[in-house]
Amino acid sequence: MWLFGRKGASGFSYYSTAEEVTQGIDSSGLTAIVTGASSGIGAQTARVLALRGVRVIMAVRNTSAGKEVKEAIVNDVPAAKVAVMELDLSSLASVKKFASEFISLGIPLNLLINNAGIGSSSFMLSKDNIELVFATNYLGHFLLTNLLLETMKKTSRETKQEGRIVNVSSDAYSFSYCEGIRFDKINDPAGFSNIAAYGQSKLANTLHANELARRLKEDGAELTANSVHPGAIATNLYRSNSLVHGLVNKIGKYILKNVQQGAATTCYVALHPQVKGKSGEYFVDSNLWKASGQATNVELAKELWDFSVKLAK
């Protein structure tokens, strides 16, 4: 990590904010979908993209909270173009409904920010009987991306602009289960670990971006797919674990990034000219970073893709 304020090759560091890494960038005319935009770094990402001229679709589970964030963004950025749409990533039906409604609008899509995420202190299943953290953090985003891919390709062809897909992952991928992805035990409560389950979902986010990037390159599409580690941030991600949530509230401000810093890498990868043409990469503190271990396993990424296609039907 770029600790103690030391700047990396991009000119940015651990302490850089989303506004700083997008300073001077005019992205008027672009349209973005940001999942999980009703709080935390998702809300900050939506605000900064809107500040830079992007039309932002806030894809949120809680539309009331989303509308409050939208109002706050418009108050802060009067010229902001922001809309709220309902999306529950833990439900495959909700993902399909959202994608269908968005496509029916007939508007372009340049940026897809797969940001939403949850943690869990206990084993739970989604409405589709899929382990909840995996379903929400990864599988819903996998399906959403696949359903919107043709729209993004069409937008890129017609506008002659590079489209970008950004998966918000985490260095927590290194804490996944020893086999990486529990393909045969994805919904098995035996051996469940909340830390490993979260790590598994973040590993899946990174592998997804890598395999998607490979497929996009083969297809010749002017789209990129990358994953980012936002850093350890004091957000409500930890709300399901009262002990961790309490510790974050007490000491987080001293050792964790704030949301302005946490949203920086996402906004950098979404908008900055330095990232043009880069795909299948992993970014930390608004700089290229080398992911390690299972996160770079090409065969595991391919296996995950095939597994996800079957699971998301």
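Brief remarks on what is shown
- Shown here is the pair-distance distribution of the chain: with all Cα-Cα distances grouped in 20 Å bins from zero up to the longest one, the shares run 35, 61, 4 percent.
- Rg followed by Dmax, in Å, when region 1-69 is reduced to its Cα trace: 13.9, 41
- Cβ-to-Cβ counts within 10 Å put V77, V298 in ascending order as V298, V77, the fewest first.
- Rel. contact order, % - alpha carbon contacts under 8 angstrom, at least six apart, the chain: 21
- Relative exposure of L111, L256, judged by other C-beta atoms within 10 Å (fewest first): L256, L111
- Column: log10 I(q)/I(0), Debye, Cα scatterers of region 56-182, q = 0.12, 0.16, 0.20, 0.21 Å⁻¹: -0.54, -0.92, -1.26, -1.32
- Each 10 Å bin from zero holds the following percent of Cα-Cα pairs in region 2-122: 13, 40, 31, 14, 2.
- Part-to-part distance (alpha-carbon centres) for region 123-152 and region 40-54, which is given in Å: 23
- Per-residue ellipticity at 222 nm, computed for the chain from helices alone with -39500 (n - 2.57) per DSSP H run of at least four residues, works out to -13000 deg cm²/dmol.
- Among the listed pairs K7/K278; K70/K97; K278/K310; K185/K278, those beyond 27 Å (Cα-Cα): K278/K310; K185/K278
Quick note: the coordinates plus some simple rules give every number you see, no bench work behind them. Keep in mind the model is a prediction, meaning the values are calculated, not measured. All Cβ positions, glycine included, derive from the backbone under ideal geometry; neighbour counts span all protein chains shown.
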